[in-house]
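Heads up: the structure comes next, in structure tokens.
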Amino acid sequence: MKTIYFMGECMIELKPIEQALMQQSFAGDVYNSAVYLKRSFPHINSSMVTAVGVDAMSDKMLQVFAQESLDIQFVFRHPEKVPGLYLIATDESGERSFTYWRNDSAARKIQHFLVPETVRQLASGDMFFLSGISLAVIEESARGAFWRTLEGLKRAGVRIVFDPNYRARLWRDKEQTRKQYDSAFRLADVVLPGLEDLSELYGFDSTAQVLRFCQDYDIAEIIIKNGPESVVSWCDGRHGEHQVTPVEQVIDTTSAGDAFNGVYLGARLSGITLDSAVQLAAVAAGTVIQHPGAIAPKNAFINAMQE
Ligand code: ADP
């Protein structure tokens, strides 16, 4: 059985459904990808690498991980910390805004749990996925140790996958982000950047610029997402431009890129060609944006993928 690790933070999500009533769920970029991968490729072991607390909400989060058939052997429990939380607010014009309480979350302590014995176990996996958000929430004092852990995994043959997913408010400044991203790009075997993220961070305004930037690193597989416009790929010296069928009725674009990543990686781990993997990933992302929230209903998603 192939194994992919998803390292990052899953949060408690609160979204308004009517006056003074909120709906509670769980979401976070790498978690969303782990869920969509497992729903699409049940034969792959989709494993979360994160930390939660010992509180009741952490118990509930783990129950949901189990319902989604995720592997939770590397979900660690911090004795004092609790999960991060975010709340979605919608103003009169329908514009959404997000408020976070995550500065002191359990997931920030992940490096503390990546002891040598755990890293030895992780080294038997096939892929290790991290995003720019996973990086941003690692405590600054733990980053050196984190990079050494990742180098060890790469040396052991685990393929490192990186989606830059840039969230300015999680970083001190752009210089700090670029430095951390440089370390990630150096180690990555597969990258899945969105044009929008990199244009905010590096000022790029085309997928061609993003591609040139990524090609300066030794990255085997480069997949650039550009909303409904196209997906640009580069692998084994072959450059590809893939059409995306635009969705007419977009409800909520949250986690489009996450669904894309999960399904793309699941397809590649299953031996599917790059072109077909991109097409499947685009169908998944196109399905997710027709539902509110990060995690689309399971049956609706699975049915759309089987069509
Ligand atoms: P991110 O969410 O990482 O910023 P994008 O906005 O580029 O990434 O979206 C990720 C993927 O979602 C795209 O590659 C595309 O397949 C799909 N997607 C996004 N917007 C649309 C849309 N309006 N219609 C169809 N597919 C879309």
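Stokes-Einstein diffusion coefficient for the chain at 37 °C in a medium of 0.692 mPa s, Rh from the Kirkwood formula over Cα pairs: what value in µm²/s?
Values: Rh = 19.5 Å.
Calculated translational D: 168 µm²/s.
Which entries of Lys60/Lys81; Lys38/Lys154; Lys109/Lys298 have Cα-Cα distances beyond 26 Å here? Over 26 Å Cα-Cα: Lys109/Lys298. Of the GluC sites (Glu not before Pro) found in segment 70-119, those that fall in a DSSP loop while having at most 11 other beta-carbon atoms within 10 Å are Glu80, Glu92, Glu95.
In segment 234-307, what is the volume of the convex hull around the alpha carbon atoms, normalised per residue and reported in Å³? Mind dumping the intermediate values first?
On the way: hull volume 6.7 nm³, N = 74.
Measuring per residue, one finds 90 Å³ for the Cα hull of segment 234-307.
Can you sort Ser46, Ser97 from fewest to most other Cβ atoms within 10 Å of each residue's own Cβ?
Arranged by neighbour count, lowest to highest, Ser46, Ser97 become Ser97, Ser46.
Listed from fewest to most Cβ neighbours within 10 Å, the set Ser131, Ser40, Ser233, Ser141 follows the order Ser141, Ser233, Ser40, Ser131.
The modelled label-to-label distance between Trp101 and Gln67, using points 7 Å beyond Cα along the C-beta direction, is 2.2 nm.
Of all trypsin sites (Lys or Arg not before Pro) in segment 159-263, which ones are in loop regions per DSSP and have a Cβ with at most 13 other Cβ atoms within 10 Å? If you can, show how the numbers build up before the last one.
Values: sites: Arg159, Arg167, Arg169, Arg172, Lys174, Arg178, Lys179, Arg186, Arg212, Lys225, Arg238; in loops: Arg167, Arg172.
Qualifying residues, ordered by number: Arg172.
Each semi-axis of the equivalent ellipsoid for segment 117-257 is √(5λ) with λ an eigenvalue of the Cα gyration tensor; in descending order they amount to 26, 18, 15 Å.
Please arrange Lys298, Lys109 by counting, for each residue, the other beta carbons lying within 10 Å of its beta carbon, fewest first. Mind dumping the intermediate values first?
On the way: Lys298 12, Lys109 19.
Lowest count first: Lys298, Lys109.
Counting 0.36 nm for each residue step from Arg178 to Glu139 and taking away their Cα separation leaves a gain of 12.4 nm. Calculated mean residue ellipticity, 222 nm, the chain: -12000 deg cm²/dmol, from DSSP H runs (n ≥ 4) at -39500 (n - 2.57) each, averaged per residue and rounded to 500. Computed across segment 43-150, the Kirkwood radius stands at 15.4 Å (inverse of mean 1/r, all Cα pairs). Taken over segment 104-180, the convex hull of the Cα atoms encloses 92 Å³ per residue. Between the alpha-carbon centres of segment 125-143 and segment 158-207 there is a gap of 12 Å.
Toward the positive end of the charge dipole of segment 39-112, with +1 on the Cβ of Lys and Arg and -1 on the Cβ of Asp and Glu, the farthest Cα among Thr99, Met48, Met61 is that of Met48.
Computed from point charges on the beta carbon alone (+1 for Lys and Arg, -1 for Asp and Glu), the dipole magnitude for the chain about its Cα centre is near 940 Debye.
Quick note: the coordinates plus some simple rules give every number you see, no bench work behind them. Everything numeric here is computed off the predicted structure, so don't read it as measured data. Note that each Cβ is placed from the backbone with ideal geometry, even for glycine, and that neighbours are counted across all protein chains shown.
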